[in-house]
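Before any comments, here is the structure.
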Amino acid sequence: MKAAVLEAHGEPLAIQEVDAPSTEPEGAVVEIEACGICRSDWHGWQGDWAWLGIQPQPGQILGHEPAGRVVEVGAEVETVREGDHVAIPFNIGDGTCPECRRGHGNTCESVLPLGFVEPVQGAFAEYTHVPAADHNLVQLPDGVSSTEMAGLGCRFMTSFHALAHQADVDAGDWVAVHGCGGIGLSAVHIADALGANVIAVDLTDEKLDLATDLGAAATVNASEVDNVSGEVAAIAGGGADVSVDALGIAETCRNSVESLGTRGQHLQIGLTTDDEAGEVSLPTDRMVMKEIEFIGSLGMPPTRYDEIFRMVQTGKLRPAEIVSETVALEDVSAKLEAMTDFGTTGIPVIEEF
């Protein structure tokens, strides 16, 4: 099969023929119809996240926002069938640990991040193998295309879980989103759908314009103000109720925390780069005095995907509007390179393999 293979960090992925995956007894092989190109792929391509133990090594196939059709199932698979139209969560759980049994497969004790470690080769390829298929594969409802699902991918699912499940977002709350890449734009759209007043923060007018189209009530161009957190707090009448760091650098994390009002909630959904290596300095005394919560959020349990699907079917969520372009597998390296200088808008999706 054809795949985009990591040969060296920061170097173009090699488009080459590799062996197609074989099916394990509890697994399934999925033919990929669409796969998003995510900033997390950029992190892996750059060689980040050694401190998390998930730094991709040469030979790894990246890609963790796929949807497609099941073409083969293992002998022990019970519910998944050949021909099923499915999405694949980026956090592959074993389905048996206490976290998985409690419905938290996204934080499985033996989690394997799709496309980042050797046991789960990613979806920048024609086919991929999914372990524990009955637990991990999510059946797609009628009317949701693979490209639209790739737009949902890790970014939309992560933002939804963060805002709908982890934070307390009520109608009329002020929600600030720092960073309007794919995950930030998803957060803007979701927060608006949940009834919040959204403030979008970014460095480029193009992304802020798209954020407005997706429901932002106000925008802040961080390159044009001296005090981003102060500007956000002023718009929100003294401080945001919920604030999201959707990028993962020290500046956006701190701006997010400092833009909150009393008893505000900070949501961390962006992971750091090699510059921070997982560690960010924060105004802890301020957080204590204002009773600010710091909340982490990782992916989304597969058992709750239907919440998004119902909102998509009724038109409350429109993930396809965040898909900025469809490209071929051969274009993936150029898109990753563009992300180095934040040169992509929305979510690019591979459709041609």
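The values are calculated or read from the model by the stated rules, or taken from the named source; none is laboratory data. On a predicted model such as this, the values are computed, not experimentally measured, just so you know. Quick reminder, even Gly has a Cβ in these numbers, built from the backbone with ideal geometry, and neighbours come from all protein chains shown. Note: areas computed on protein heavy atoms with side chains; ligands, DNA, RNA excluded. Shrake-Rupley method; radii C 1.70, N 1.55, O 1.52, S 1.80 Å.
Compactness check for region 1-148: Cα Rg over 2.2 N^0.38 Å is 1.00. Cross-link partners of K316 among lysines, defined as those whose alpha carbon lies under 25 angstrom from its own and excluding same-chain residues fewer than eight positions apart: K207.
Annotation: H104 carries an accessible surface of approximately 80 Å², with a 1.4 Å probe and no ligand, DNA or RNA atoms counted. Around the Cα centre of region 199-353, unit charges on the Cβ atoms of Lys, Arg, Asp and Glu (plus for the first two, minus for the last two) sum to a dipole of about 840 debye. Solvent exposure of region 91-193 amounts to 30 Å² per residue of accessible area, where only protein heavy atoms count and the probe is 1.4 Å. Counting other Cβ atoms within 10 Å, which GluC sites (Glu not before Pro) in region 69-132 have at most 12 and lie in a DSSP loop? Here the GluC sites (Glu not before Pro) that fit, given the DSSP loop and packing criteria, are E76, E78, E82, E109. Ranking of T147, T303 by solvent-accessible surface, largest first: T303, T147 (1.4 Å probe, protein heavy atoms only, all chains present). Largest accessible area first, the residues E24, E231 order themselves as E24, E231 under a 1.4 Å probe with ligands, DNA and RNA left out.
Of all beta bridges that DSSP places with both ends in the chain, some 50 percent have antiparallel geometry. Note on K2: lysines with a C-alpha under 24 Å away, same-chain residues under 8 apart excluded, are K335. Based only on Cα atoms, what mean projected area does the convex hull of region 111-212 have, in nm²? Approximately 8.5 nm², given one-decimal rounding. Normalised by the number of residues in region 74-121, what is the relative contact order in percent for Cα pairs under 8 Å and 6+ residues apart? Once normalised by length, the contact order is 28 percent. What is the percent carbon and sulfur in the accessible area of the chain, measuring with a 1.4 Å probe over the protein chains and ignoring ligands? After summing per-atom areas, the C and S share lands at 45 percent.
For the chain, taking Cα atoms only, Rg and Dmax work out to 19.5, 61 Å respectively. Given region 88-133, report the % of alpha carbon pairs whose separation exceeds 14 Å. Looking at region 88-133, the distances longer than 14 Å represent 44 percent of pairs.
Scaled against the 2.2 N^0.38 Å expected of a compact globular protein of N residues, the Cα radius of gyration of region 190-314 reads 1.10.
The label-point distance for E17 and R69, in a model that sets each label 7 Å from Cα toward Cβ, rounds to 2.3 nm.
Its alpha carbons considered, region 286-339 gives a radius of gyration followed by a Dmax of 18.2, 52 Å.
Extension gain for Q313-T262 works out to 14.7 nm (0.36 nm per residue, less the C-alpha to C-alpha distance).
D192 exposes around 60 Å² of accessible area when a 1.4 Å probe is run over every protein chain in place. Mean residue ellipticity at 222 nm, helices only, the chain: -7000 deg cm²/dmol; runs of at least 4 DSSP H residues each add -39,500 (n - 2.57), and the sum is divided by the number of residues.
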